[in-house]
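S.K.: Mind having a look at this structure? Questions to follow.
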Amino acid sequence: MKIGQNHIQDTNSKDLKIHQEHFDFLGNSLSKKGVDVATIIKKLQDFQVAIPSWALGAGGTRFGRFSFFGEPSSLEQKIEDVGVLHALTQTAGAVSLHIPWDIPQDYNAIKELASSLDIKFDAVNSNTFQDQKNAKESYKYGSLSNTSEAVRQQAIQHNIDVINIGNKLGSKALTVWLADGSCFPGQNNFQTAFQNTQDSLKAIYKSIPDDWKLLIEYKPYEPNFYSTVIQDWGASLMLANECGNKAYTLVDLGHHLPNSNIEQIVSILQLKGKLGGFHFNDSKYGDDDLTVGSIKPYALFLIFNELVYGMENNPQNPDLAWMIDASHNVKDPLEDLIQSLEAIQEAYAKALLVDQALLKAAQLDNDVVKCQEILQDAYRTDVRPLLAKARLEKGGALSPIQAYRSLDVRNSLIQERGKNTVATGL
Ligand code: LRH
Ligand code: MN
Ligand code: MN
């Protein structure tokens, strides 16, 4: 299924007038405050987020999975689905593959398909948390941290294989997330597990090409419930520092204990030039992988406020690999991803509205009330007409969800692919 420009323009046409009125009203009031609206729109247009190849089907829990039908069952179909998202939103111009869930068969064909849809290959993800068919060694008791050298070697080699796959696609980063840890006190020696992980990551790092990044993701628990080897940003940063200057920390929003101050974490990592990647989602209790911005939109805004500050003031920090890491149990996966993309753009746009000079002055004056007023003035602005304008100028939909529904995308996919499809992945 490919959405044509004419289809999108048709669906836009009836709402163009009202959009223009909303945009003019907001644009005028922002201009009066000294905001450069055109620059904000350009920044929104340049902000591209990778879609994970494993998030295009319904997720599920260990208690069950309910399909939305018409789900992609091959990598080609997954890329086509990202194409649908990108055509409508103009902000999903990349895909992130998990290996071995999505190993390309015909590299040239996959690359051609992706480039015809204006999609790039972002970070590749390795998987040493599941045993693979015919693998000699098991990851039951860990991978890069395992007490067995043979297991560690197998896991190191897998990461090198993933780098080679990514290289053929034009990826520029490897993301390592480990399930390694322990379920019961005494099961692991913390120091041995950490040291083994460090040595294994250093071995992988030797194969990281010069223009690549190694992104080290952390998570406090799950699937291990007593300890995780790379439990937090401190552990990740220590490992990245040990590896070298191509290694960075990756922050996944769902990988924090309740009430963690994530905005402060991203801020300090950027100051140290060590924030490399970002996984967006939202959560109420744990690593819930819910729609971005659906639970804590103000926290997301505060995080973006620090990201924007870092992007503008920390040249020592590289460009980040942005990815949505969400799962969809009760929503059409494509609709859910559209909602996440919109929430990301919304938080970004609001953060771009923060008057940084005024904020700095208020901070110097210790005018606490004014500091809060400045942040909340930006947060309370309804920026949706800016987002719509950014999409419209690039040929996207004024309202991606409405367009998706009026174009009846899910039914077309069901007709094309059949009802009983099962997406591969988690
Ligand atoms: C782990 C995680 C990590 C994995 C993905 C499937 O919870 O966030 O990024 O690769 O989910
Ligand atoms: Mn993640
Ligand atoms: Mn996760």
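What follows draws every value from the coordinates through simple rules; no lab data is involved. Values in this document were obtained by computation on a predicted structure and should not be read as measured data. When we count neighbours, we look across all protein chains shown, and the Cβ atoms used for this are built from the backbone with ideal geometry, even at glycine.
S.K.: Which parts of the range 1-43 would a label at Glu112 reach, counting a residue when its backbone N lies under 18 Å from a point 7 Å out along Cα-to-Cβ?
M.R.: Under 18 Å, as judged by backbone N against the label point of Glu112, lie 1-2 of the range 1-43.
S.K.: Between the range 11-43 and the range 296-333, what's the alpha-carbon centroid distance in Å?
M.R.: 23 Å
S.K.: For Gln157 paired with Gln402, estimate the spin-label separation in nm (one decimal), with each label point 7 Å from Cα along the Cα-to-Cβ line.
M.R.: Between Gln157 and Gln402, the label points sit 5.6 nm apart.
S.K.: Further question: Would you mind checking which residues have amide H under 5 Å from His328's amide H? H placed 1.01 Å from N; only 5 or more apart, or other chain.
M.R.: Counting only residues 5 or more places away or on other chains, the set is Gly59, Gly60.
S.K.: How would you rank His328, His22, His255, going from fewest to most other Cβ atoms within 10 Å of each one's own Cβ?
M.R.: Fewest to most other Cβ atoms nearby, the residues stand as His22, His328, His255.
S.K.: Normalised by the number of residues in the chain, what is the relative contact order in percent for Cα pairs under 8 Å and 6+ residues apart?
M.R.: 22 percent
S.K.: Sticking with this structure for a sec: When His19, His158, His86 are ordered from fewest to most other Cβ atoms inside 10 Å of their Cβ, what list results?
M.R.: In increasing order of surrounding Cβ atoms, one gets His19, His158, His86.
S.K.: State which helices in the chain qualify, where a helix is a whole DSSP H run, it must extend 18 Å or more along its own axis by its Cα atoms, and its mean Kyte-Doolittle hydropathy must be at least 0.5.
M.R.: 297-313
S.K.: Could you pull out every residue, at least 5 positions away or on a different chain, whose amide H is within less than 5 Å of the one on Asn125? Hs are placed 1.01 Å off N in the peptide plane, and Pro or chain starts have none.
M.R.: Sorted by chain and number, the residues that satisfy this are Leu97, His98, Ile99, Thr175.
S.K.: Would you calculate a helix-derived [θ] at 222 nm for the chain, using -39,500 (n - 2.57) for each DSSP H run of n ≥ 4 and dividing by the full residue count, to the nearest 500?
M.R.: -15000 deg cm²/dmol
S.K.: Something else: Give the shape of the range 99-158 as rounded, prolate or oblate, defined through the alpha-carbon gyration tensor: a ≥ b ≥ c are the square roots of its eigenvalues, a/c under 1.5 means rounded, and otherwise the shape is prolate if a/b is larger than b/c and oblate if not.
M.R.: The shape class here is prolate.
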